[in-house]
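Down below is the structure, laid out as structure tokens.
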Amino acid sequence: MLQLTWSWQPALYLFLGGMGAGAFVMAAVLFLIDRTRHRLIVCVSMWAALFSLAAGLLLLLTELITPARGLLMWQSFGHFTSWMTYGAWGAFAAMAVFAVSALLATRPVGVWLAKKWAWFEKKGTTLRRVLAVIGIVLGAFVAVYTGMLLMTAESVPLWDTPLLPALFTVSAFDTGVALVELVAIVLSKKDALVPKARLLMERIVVVLVLVEGVVMAVFLASMLGADAQTAVGATAAASATLLVSGGLAPCFWGMVVVCGLAVPLAMALMGLVLHRRGGKKPGAKQHAGTALMAVGAVGALIGGCELRFLILAAGIHADVIAETVMSLIG
């Protein structure tokens, strides 16, 4: 029986929040590597990261009994005893840093501040670098939190493992890179990626996909190998079976494994081969590389989004109370 307590809004939050965090991290890395290039790509990517995280948090608020009260964070999240509180304040801090970074990356705003504020003209770049580093840390925290939010849910063995935050974190970085890639493709006529940056992103995609595949395999193996003699173990195995060979298997293998992992990996590897071979027609090579990047990025986004929906759907609750009662009777 599929999990029906959590609906589509949390699943989209887990995707949008993680993708937004990963996108800011990738945009910040591009800025820190070379602040003179890719200004437009960095700017638009930071705004996209901010809007993604904001949209995800709004979707999560709709799951509260009183969504408006959730906006009063000092009342709703004042007790620092749970991951919900840490995550809420961490996401709020990330949004603030993302917003300021995006504003400063917007050229008209930067030019205006430089004219009106002498200190910013001298120290503006240093300020942006500091914000980029802080944003990377907060982005990583938000990515981890998307998995911790599920891990802290009670009586769901599929979610109750540190491997889930690890899986969602790697997937968040993967989908974030994919979002930045799509931004770069859209803006290619105004601000094209230099070969060095394109090569870096392709290498990052290869590493992230391989790590995600390994973490996912270990995660599923640990669930399938759980002790079937206990309610928790049997439920964990049943949840994993739903994904691997049960009713959710076609979506899992087709959209997550093939579309979300195999396709991006193949496109990135082909892009690396294309880059190494070079060629006498740089225009044709660049066009082919852009097409490969686009296919891989779309595949990563589809797979990353479907992964959250499937993990939520397969999160069967274990009947721990019944097992405890039976053990006491026996």
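The values are calculated or read from the model by the stated rules, or taken from the named source; none is laboratory data. The model shown is predicted, which means the values in this text are computed figures rather than measured ones. Here the Cβ is made from the backbone with ideal geometry for all residues, glycine too, and neighbour counts use every protein chain on show. To get the accessible areas, we keep the full protein, side chains included, count just its heavy atoms, and leave off ligands, DNA and RNA. Shrake-Rupley method; radii C 1.70, N 1.55, O 1.52, S 1.80 Å.
Can you tell me the relative contact order of the stretch 182-284? Whole percent, Cα pairs under 8 Å, sequence separation 6 or more. Mind dumping the intermediate values first?
Numbers: 51 pairs, mean separation 30.7, N = 103.
The value is 30 percent.
Beyond 19 Å, what share of the Cα-Cα pairs of the stretch 139-196 is found? Please give it as a whole percent.
Working: 761 of 1653 pairs.
Value for the stretch 139-196 (Cα pairs over 19 Å): 46 percent.
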Problem - Carbon/sulfur fraction of accessible area - the chain, other protein chains in place, 1.4 Å, % - result: 71
Problem - Solvent-accessible area per residue for the chain (1.4 angstrom probe, square angstrom) - result: 49
Practice task
Any chance you could count the Lys pairs in the chain whose alpha carbons are under 23 Å apart, treating pairs 8 or more apart or on different chains as valid?
Solution key: 9
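Please list, by residue number, every one of the chymotrypsin sites (Phe, Trp or Tyr not before Pro) in the stretch 109-181 that is coil in DSSP and has at most 12 other beta-carbon atoms within 10 Å. Intermediate values should be presented prior to the final figure.
On the way: sites: TRP112, TRP117, TRP119, PHE120, PHE141, TYR145, TRP159, PHE168, PHE173; in loops: TRP117, TRP159.
Answer in residue order: TRP117.
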Handout entry: ALA96 paired with ILE33, simple spin-label distance in nm, labels 7 Å along Cα-to-beta-carbon
Key = 3.0
Problem - Computed label-point distance, nm, for sites SER155 and ALA262 using a 7 Å Cα→Cβ extension - result: 3.8
Handout entry: Of GLY225, GLY289, GLY56, the one that fluctuates the most in a GNM where the chain has Cα springs shorter than 10 Å
Key = GLY225
Practice task
Specify the longest stretch of the chain that does not include any exposed loop site, a site being one of the trypsin sites (Lys or Arg not before Pro) with a non-H, G, I, E, B DSSP assignment and at most 13 other Cβ atoms within 10 Å.
Solution key: 1-188
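Considering just Cα atoms, how many Å³ per residue does the convex hull of the chain enclose?
Numbers: hull volume 46.1 nm³, N = 330.
Roughly 140 Å³ of hull volume per residue.
Where does the charge balance sit around PHE31 when Lys and Arg score +1, Asp and Glu -1, over other residues with C-beta under 12 Å from its C-beta? Intermediate results must be reported in sequence, preceding the final value.
Working: positive: ARG35, ARG37, ARG39, ARG128, ARG129; negative: ASP34.
My count for the surroundings of PHE31 gives +4.
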